[in-house]
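Student: Sharing a structure, written as C-alpha cells. Questions coming.
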Amino acid sequence: MVHGRMIILGIESSCDETSASVVTGNKEILSNIVLSQLQEHRAYGGVVPEIAARSHLLHIESIVRKALEDAQISLEMIDGVAAAGGPGLIGGVIVGVMMAKGIAMGRNIPFIPINHLEAHALTARLTDDVPFPYLLLLISGGHCQFLIVEDIENYTYLGGTIDDAIGECIDKTARLLGFNYPGGPIIEQLAMQGDPNAFNLPKPLIRQEGCSFSFSGLKTAARKLILENNEQSLTFKEDFCASFQKTIGEILADKGKNALLMALEKKPEINTLVVAGGVAANQYLRNCLTECAQMRGISLVAPPQALCTDNGAMIAWAGVEHLEKGLIGSLSFAPRPRWPLEDLKIK
Ligand code: KG4
Ligand code: ZN
C-alpha cells in the first residue's frame, strides 16, 4: 500500500500473450507489458499449446520485471499478486500461476487466482466505472455469450453459442482466405473497402426467441463461397469480408436486442451493455451493438482495443476487486483448463 493506494501485480499467460501489469485501487494502470507469441505460432496456423507454454516460461520473469520497472514499483510495494488461473491452455496457465504463487509466498502477500473470463468481464469497471449490475456480451476466440454481471463472482448466464465461438468462426474463415491467425483484424481492415451487400450469408437462429447463437452454418457457407471463388481477387476478398462482417453484426444486434429484454426483465436497473473479449476490438461490430443498445435506451461500453485482447491489466484489476472484498485464493489452487463463470465461488 503506497499513499493509501492498493497496488496489484497481474499476470496473464493463458493463451498466446505473456503479460504482466501493475494496477492500483484508484484505477491507474501503472504498466501493462504484453508480449505476443504470434510469430512463434504463425507457421502452424493457430496456437500450439506446447510452444506457448515454453515461450511463457522463457519470458515470464523478464516481463514481470519490466512491468515493475515501468510502473516504478518494487516488489515490496505490491499488496497482492493476481494470475489468470484458467480457463486456457494449461501449460501456460501453470507458468503464470507458479510465478504468482512464488512472489506471493516470498513476500507473504495474498495470491489471487483470477478467472480469465471474469477479467474480461470486469475491464469495463476499470476503464469506464460501470456499476453493477450490467449486461455483458463476451466475444472472444473461445467464447460467445450473454451474461448478467451482478457482482464479483456472481454471473447469470442468459445464452450463448450452441456450436462454434465467434472468434473461431472468424479465424477459420480468414485462414481459408489465406490470412494468418488472428484473422479478425485483417477481416476488419479489408471490409472497409468492400461492398457489404455483395454476398448473402446465412444468419442462423436470427429472429428467433432467446439469445443463443450458432456460427457453424455461417462458417460452412463462408467456406463454400470462398472455395467456389478459387482465384480470389482482392475485390472478392474485400467484398467477402464486408459481407461476412455485416452478417456477424446483424446476428449480434438481433441477439443483443433479445438479451437486453431478458436482462431488463430480471434486473430493470441495468443501463449498460458491456462488450468484452478480443472480437470486441472490432469497431464495425461495436457500432452495430451501439445502435442495438440505443434502441432499448441503454448505453454501450467497450474497453479500449488494447484492453479487449488479452492483457495483464485486466487480471490485475480483477485482483484489486477481489482483494477489496477479501476474496483471495489458496496457495494450493490448481490451474484449470476449464472454468465456467458459473463456478466462480469454488476456489
Ligand atoms: O480475447 P482474445 O484476445 O483471446 C481469447 O480468445 O481469449 O480473443 C481473440 C479473438 C481472435 O479470434 C481474433 O481474431 C479476434 O479476437 N479479434 C478480432 C479483432 N481483433 C481480435 N475479431 C474481429 N475484429 C477485430 N478487430
Ligand atoms: Zn481472452
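Student: Enter the accessible area per residue of the chain (Å², integer; probe 1.4 Å; all protein chains in place). Could the numbers behind the result be given before it?
Tutor: Values: 14520 Å² over 347 residues.
About 42 Å² of surface per residue is accessible.
Student: Under a 5 Å amide H to amide H cut-off, with H placed in plane at 1.01 Å, what residues pair with residue 161 once short-range neighbours are removed?
Tutor: 144, 213
Student: OK, next. Under a cut-off of 19 Å between alpha-carbon atoms, report the aspartates and glutamates in cross-link reach of residue 266, not counting same-chain residues fewer than 8 places apart.
Tutor: 150, 151, 153, 209, 342
Student: Report, in listed order, any pair from 203/257; 203/246; 219/257; 246/267; 203/255; 172/224 with a Cα-Cα distance greater than 19 Å. Present the calculation step by step, with values, prior to reporting the outcome.
Tutor: Working: 203/257 15 Å; 203/246 11 Å; 219/257 23 Å; 246/267 30 Å; 203/255 11 Å; 172/224 13 Å.
Too far apart for the 19 Å limit: 219/257; 246/267.
Student: Note the angle between two axes, namely the Cα long axis of helix 283-295 and the longest principal axis of the Cα atoms of the chain, as a number of degrees from 0 to 90, rounded to the nearest 10.
Tutor: With rounding to tens, the tilt is 90 degrees.
Student: Another one. When all protein chains stay in place, what accessible area (Å², nearest 10, 1.4 Å probe) is found for residue 161?
Tutor: Estimated to the nearest 10 Å², residue 161 gives 40 Å².
Student: To continue, here is another question. Cut-off 10 angstrom, C-alpha nodes, Gaussian network model of the chain. Which of 122, 261, 137 fluctuates the most?
Tutor: Per the Cα network of the chain with a 10 Å cutoff, 261 tops the list.
Student: Still on this structure, please answer the following. Considering only 233, 212, 21, give the residue with the highest GNM mean-square fluctuation for the chain, with springs between Cα atoms whenever their separation is below 10 Å.
Tutor: So, out of 233, 212, 21, the one fluctuating most is 233.
Student: Sequence-distant or interchain residues sharing an amide H contact under 5 Å with residue 112, placed H: which?
Tutor: 81, 82, 83, 329
Student: For the stretch 142-155, in order, what is each residue's ³J(HN,Hα) by Karplus, 6.51 cos²θ - 1.76 cosθ + 1.60 with θ = phi - 60°, in whole Hz (x at glycine and Pro)?
Tutor: Rounded to whole hertz, the list is x, 9, 7, 7, 9, 9, 8, 8, 8, 5, 4, 6, 9, 10.
Student: Scan the chain and report its longest stretch carrying no GluC sites (Glu not before Pro) that are both in a DSSP loop and have at most 11 other Cβ atoms within 10 Å.
Tutor: So the longest stretch without any such site is 1-208.
Student: OK, next. Pop out the ³J(HN,Hα) list for the stretch 180-190 in order, Karplus 6.51 cos²θ - 1.76 cosθ + 1.60 with θ = phi - 60°, rounded to Hz; leave Gly and Pro as x.
Tutor: So the Karplus estimates, Gly and Pro as x, are 6, 6, x, x, x, x, 5, 4, 4, 5, 5 Hz.
Student: Which angle between 0 and 90 degrees, to the nearest 10, do you get for helix 116-128 versus the longest principal axis of the chain when only C-alpha atoms count?
Tutor: 90
Student: While we're looking at this one, here's another question. Return the carbon/sulfur percentage of the accessible area of the stretch 131-302, one whole number, probe 1.4 Å, all protein chains in place. It would help to have the intermediate numbers written out before the result.
Tutor: On the way: 3480 of 7320 Å².
That fraction is 48 percent.
Student: In addition: Hey, what angle do you get for helix 312-324 against the long axis of the chain, alpha-carbon based, 0 to 90 degrees rounded to 10?
Tutor: In the chain, helix 312-324 runs at an angle near 60 degrees to the longest axis.
Student: Output ³J(HN,Hα) for the stretch 195-206: one whole-Hz value per residue in order, computed from phi by the Karplus curve 6.51 cos²θ - 1.76 cosθ + 1.60 with θ = phi - 60°, and x for Gly and Pro.
Tutor: Result, ordered by residue: 9, x, 9, 5, 10, 9, 10, x, 10, x, 6, 6 Hz.
Student: Pull up all non-local amide H partners of residue 134: gap of 5 or more, or a different chain, and H-to-H distance under 5 Å with H placed in the peptide plane.
Tutor: 149
Student: If the elastic network links every pair of Cα atoms under 10 Å, which of 314, 99, 77 fluctuates the most in the Gaussian network model of the chain?
Tutor: Result: 77 has the largest fluctuation of those listed.
Student: Among the lysines, select those whose C-alpha is under 28 Å from the C-alpha of residue 101, and discard any that sit fewer than 8 residues away in the same chain.
Tutor: The reachable lysines, counting only those whose Cα sits under 28 Å from residue 101, are 27, 66, 325, 345, 347.
The values are calculated or read from the model by the stated rules, or taken from the named source; none is laboratory data. Keep in mind that what you see is a predicted model, and the values were worked out from it rather than measured. Quick reminder, even Gly has a Cβ in these numbers, built from the backbone with ideal geometry, and neighbours come from all protein chains shown. In case anyone asks, the SASA skips ligands and DNA or RNA and just uses the protein heavy atoms, side chains included. Shrake-Rupley method; radii C 1.70, N 1.55, O 1.52, S 1.80 Å.
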